[in-house]
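Asker: Quick one: this structure, given as structure tokens, is what I'll be asking you about.
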Amino acid sequence: MRQEISESQRLRMQNPFIQIFKYIYLSLKILKIVAGGHGGTRKVIANPRP
Amino acid sequence: MSKIVVLGAGIGGHVAAAHLRRKLPKDHEVLVVSPNRNYQWVPSNIWVGIGRMKPKDVFFPLEPVYRKKGIGYKQAKAVSFHPEGDASQNKPYVLVEYVFGEKAGIQEKVTYDFLINATGPKLAFELTEGLKPGTNKAFSVCTYDHAEQASTGLNALVERIKKSNSRAKILIGTGHAKATCQGAAFEYILNVERELVRLGVRDKVEITWISNEYTLGDFGMDGMLLTYGNSTLKSSDMVEMIFRDRGIKWILGAGVFKMEDGKAHYENLEGEYKTEEFDFAMLIPAFSGHGFKAFDKDNKDITEKLFKGFMIVDADYTAKPYEEWTVQDWPETYQNPSYPNIFAPGIAFAPPHAISKPRKSKNGTDIFPSPPRTGMPSGITAKLVADNIIDAIKQGNMTLNHKGSLGNMGAACIASAGYGTTSGSGISMTTYPIVPNYNKYKNTGGRDLKKTFGDIGLAGHWLKLTLHYAFLYKAKMKPFWWLIPE
């Protein structure tokens, strides 16, 4: 089914009050993902992809 | 005492030099060799390209910062690599040539104990006939001066439309069958669209996306399945939703091979040769290695030990079909296997293969995106290389404890979709891992859906703006800069 941005979604996307909370939420979520560490992969047994 | 030479002062080289200097005692020398005078925060070039930022907002001169921090700096370009020295020089060295000032044109042997090659990509405009920034009505946003030129071109078009009330066509995307960096073009097309709305001429302009991607939202990463609100969405559906919402058309599987005045000639996967006309275009060129040569102690050419286009590192370069690719093919330490004191983080290393599925046109032309390696992974890989060198210097042996494969690393892409404090928009996306791990995440396209999500809205614009100021602060090495993660 084709996705579309509805008018109510659009209003939420551009509502500064809602977006302030979104900004805080996204900042923390992104920080957790990107600063959450990284490492190697080669201890994992390499299998060809299915 | 050790001497570490860093080639390049982009995101990778600058991050490596900054961490080395902060963590190593002053009796060790850190030297940056770069042909560029300025550090530029490349992700903000798209805003220069629409005239909402000036070039001075996205760059600063390197030399004063390096002088203040005790980092050596030579404004020179690398010419050749001599990892064993030569008949007259016992130490390994890089032959460099000064590009500015009184020493311009003079060559010098720069010796090292450790070498970090962070020279990034060469913007290979010449691989597409007629593609040169500012000619044939086509532009680039790859550097701040290209972006400024693009802004001038876009303004001229808008003025022309306003004066003549005529219609116009804009074409934005990739300018080569194997180009990468679709993300930058994606940001630019959305920003241009918003600017045309703001300037009141949107209804006069047809905007078209042209790309070597097989589907929208591939971004050189084979696309992704992501969490969007309470649902799961393919990146192709998300980008299609945005393009439809903005009235942007698209052409996919297109390998642009020739540009003429207002015309882009391309071949598609069906093997058809087509032409798209435009009044303004911004096309990302192919990226390539710099064509460096390497020589051993007897001056014998050993380029194949160091380079495969980009620099050879600890990846598995065995040629194999797409179905047999694994994340284990991707490098973890960015160390050259022949010369353990040479590293190539960021964009300078040769990827083992693409990430997107390779596709050929019916004529046999490869048309698919090369793997993207954006600022965040460049910074992370540069930092881990610096940490491994620091450990080697302090402990006296190379332990390589710091590892960071793109198959075990997350990335955030905050794609600007319009500039403005309350009218701006951004598409916030994270991907984990960058290279899909189809074994670990079997049912979710190789990605962890808890860490792979998308969001659209004004907050995304604020986030992108926050990153702009935070990373320029960090790059200037102002107090506590190291607290900001790569």
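The values are calculated or read from the model by the stated rules, or taken from the named source; none is laboratory data. Every value quoted in this text rests on a predicted model; they were computed, and no experiment measured them. Cβ: placed from backbone, ideal geometry, glycine included. Neighbour counts: every protein chain shown. What goes into the accessible areas is simple: the full protein's heavy atoms, side chains included, and nothing from ligands, DNA or RNA. Shrake-Rupley method; radii C 1.70, N 1.55, O 1.52, S 1.80 Å.
Asker: Of everything in region B:98-145, what is open to solvent by 30 Å² or more (accessible area, probe 1.4 Å), hydrophobic (A, V, I, L, M, F, W, C) and assigned to a helix (DSSP H, G or I)? Give them in sequence order.
Answerer: Matches in region B:98-145: B:L127 only.
Asker: Return the total of residues in region B:454-468 being at the interface with chain A (Cβ under 9 Å from one of its Cβ atoms) and open to solvent by 40 Å² or more (accessible area, probe 1.4 Å).
Answerer: Looking only at that region, the number is 2.
Asker: Is it the case that some residue within region B:17-27 is under 22 Å from B:F310 (Cα atoms) and buried (at least 18 other Cβ atoms within 10 Å of the Cβ)?
Answerer: Yes, region B:17-27 contains at least one residue that is under 22 Å from B:F310 (Cα atoms) and buried (at least 18 other Cβ atoms within 10 Å of the Cβ).
Asker: When only residues in region B:280-333 that are small (G, A, S) and either part of a strand (DSSP E or B) or at pLDDT 95 or above (or both) count, which is farthest from B:A350 (Cα to Cα)?
Answerer: It comes out as B:A281.
Asker: Right, here's the next one. For region B:310-325, state whether one or more residues are touching a Gly at 6+ places or on another chain (Cβ under 9 Å), more than 14 Å from every other protein chain (Cβ to nearest Cβ) and in contact (Cβ under 8 Å) with a residue 12 or more places away in the chain. Break it down into steps so the answer makes sense when it comes.
Answerer: Filtering region B:310-325 down to residues touching a Gly at 6+ places or on another chain (Cβ under 9 Å) leaves B:310-311.
If we keep only those that are more than 14 Å from every other protein chain (Cβ to nearest Cβ) too, we end up with B:310-311.
Now narrow it down to the ones that are in contact (Cβ under 8 Å) with a residue 12 or more places away in the chain: B:310-311.
Taking every residue of region B:310-325 in turn, at least one turns out to be touching a Gly at 6+ places or on another chain (Cβ under 9 Å), more than 14 Å from every other protein chain (Cβ to nearest Cβ) and in contact (Cβ under 8 Å) with a residue 12 or more places away in the chain.
Asker: Where in region B:45-97 are there helices (runs of 4 or more DSSP H), lying wholly inside it, with at least 1 residues that are of a type outside the set (A, V, I, L, M) and open to solvent by 20 Å² or more (accessible area, probe 1.4 Å)?
Answerer: Passing ranges, in order: B:55-58, B:62-69.
Asker: In the set B:T152, B:T180, B:T215, which member is of a type in the set (S, T, Y), within 19 Å of B:A415 (Cα to Cα) and surrounded by fewer than 24 Cβ atoms within 10 Å (Cβ to Cβ)?
Answerer: B:T215
Asker: Now, a different point. Applying the selection to region B:422-447, what residues are polar (S, T, N, Q) and either within 16 Å of A:R10 (Cα to Cα) or at the interface with chain A (Cβ under 8 Å from one of its Cβ atoms) (or both)?
Answerer: If the condition is that a residue be polar (S, T, N, Q) and either within 16 Å of A:R10 (Cα to Cα) or at the interface with chain A (Cβ under 8 Å from one of its Cβ atoms) (or both), then B:T422, B:S423, B:S425, B:S428, B:T430, B:N437, B:N439 are the ones that fit.
Conditions (1) closer than 27 Å to B:H468 by Cβ; (2) more than 14 Å from chain A (Cβ to nearest Cβ); (3) open to solvent by 10 Å² or more (accessible area, probe 1.4 Å), marked per residue:
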site	(1), (2), (3)
B:G364	no, yes, yes
B:M376	yes, no, yes
B:I389	no, yes, no
B:G404	yes, no, no
B:M409	yes, no, no
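Asker: Within region B:113-126, work out how many residues are closer than 15 Å to B:K74 by Cβ and in contact with a Ser or Thr (Cβ under 9 Å, 6 or more places away or on another chain).
Answerer: 2
Let's see how each residue does on (1) assigned to a loop (DSSP other than H, G, I, E, B); (2) open to solvent by 20 Å² or more (accessible area, probe 1.4 Å):
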position: B:I380; (1), (2): no, no
position: B:L384; (1), (2): no, no
position: B:K394; (1), (2): no, yes
position: B:T399; (1), (2): yes, yes
position: B:A412; (1), (2): no, yes
position: B:G426; (1), (2): no, no
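Asker: Can you tell me which residue in region B:158-201 is farthest from B:I284 (Cα to Cα), limited to those that are among the β-branched types (V, I, T) and in contact with a Phe, Trp or Tyr (Cβ under 7 Å, 6 or more places away or on another chain)?
Answerer: B:I170
Residues are listed down the side, and each one gets a yes or a no for (1) on the phi < 0 side of the Ramachandran plot; (2) hydrophobic (A, V, I, L, M, F, W, C); (3) touching a helix residue (DSSP H, G or I) at 6+ places or on another chain (Cβ under 9 Å):
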site: B:D314; (1), (2), (3): yes, no, no
site: B:K320; (1), (2), (3): yes, no, yes
site: B:A344; (1), (2), (3): yes, yes, yes
site: B:S361; (1), (2), (3): yes, no, no
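Asker: Checking B:A150 against (1) part of a helix (DSSP H, G or I); (2) touching a helix residue (DSSP H, G or I) at 6+ places or on another chain (Cβ under 7 Å), which single condition isn't satisfied?
Answerer: (2)
Asker: Test each condition in (1) buried (at least 21 other Cβ atoms within 10 Å of the Cβ); (2) in contact (Cβ under 8 Å) with a residue 60 or more places away in the chain for B:I207 and report the one that comes out false.
Answerer: With (1) buried (at least 21 other Cβ atoms within 10 Å of the Cβ); (2) in contact (Cβ under 8 Å) with a residue 60 or more places away in the chain applied to B:I207, the lone miss is (2).
Asker: Pull up region B:238-275, narrow it to residues that are among the basic types (K, R) and under 20 Å from B:K204 (Cα atoms), then point me to the one that is least open to solvent (accessible area, probe 1.4 Å).
Answerer: Initially, region B:238-275 is screened for residues among the basic types (K, R), giving B:244, B:246, B:249, B:258, B:263, B:274.
Now narrow it down to the ones that are under 20 Å from B:K204 (Cα atoms): B:244, B:246, B:249, B:263.
Working: B:R244: 100, B:R246: 28, B:K249: 106, B:K263: 75 Å².
Top of the filtered list is B:R246.
One line per residue, one yes/no per condition, for (1) modelled with pLDDT under 90; (2) surrounded by fewer than 23 Cβ atoms within 10 Å (Cβ to Cβ); (3) closer than 22 Å to B:A184 by Cβ:
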{"position": "B:K440", "(1), (2), (3)": "no, yes, no"}
{"position": "B:T444", "(1), (2), (3)": "no, yes, no"}
{"position": "B:L449", "(1), (2), (3)": "no, yes, no"}
{"position": "B:T452", "(1), (2), (3)": "no, no, yes"}
{"position": "B:A470", "(1), (2), (3)": "no, yes, yes"}
{"position": "B:Y473", "(1), (2), (3)": "no, yes, no"}
{"position": "B:M477", "(1), (2), (3)": "no, yes, no"}
{"position": "B:F480", "(1), (2), (3)": "no, yes, no"}
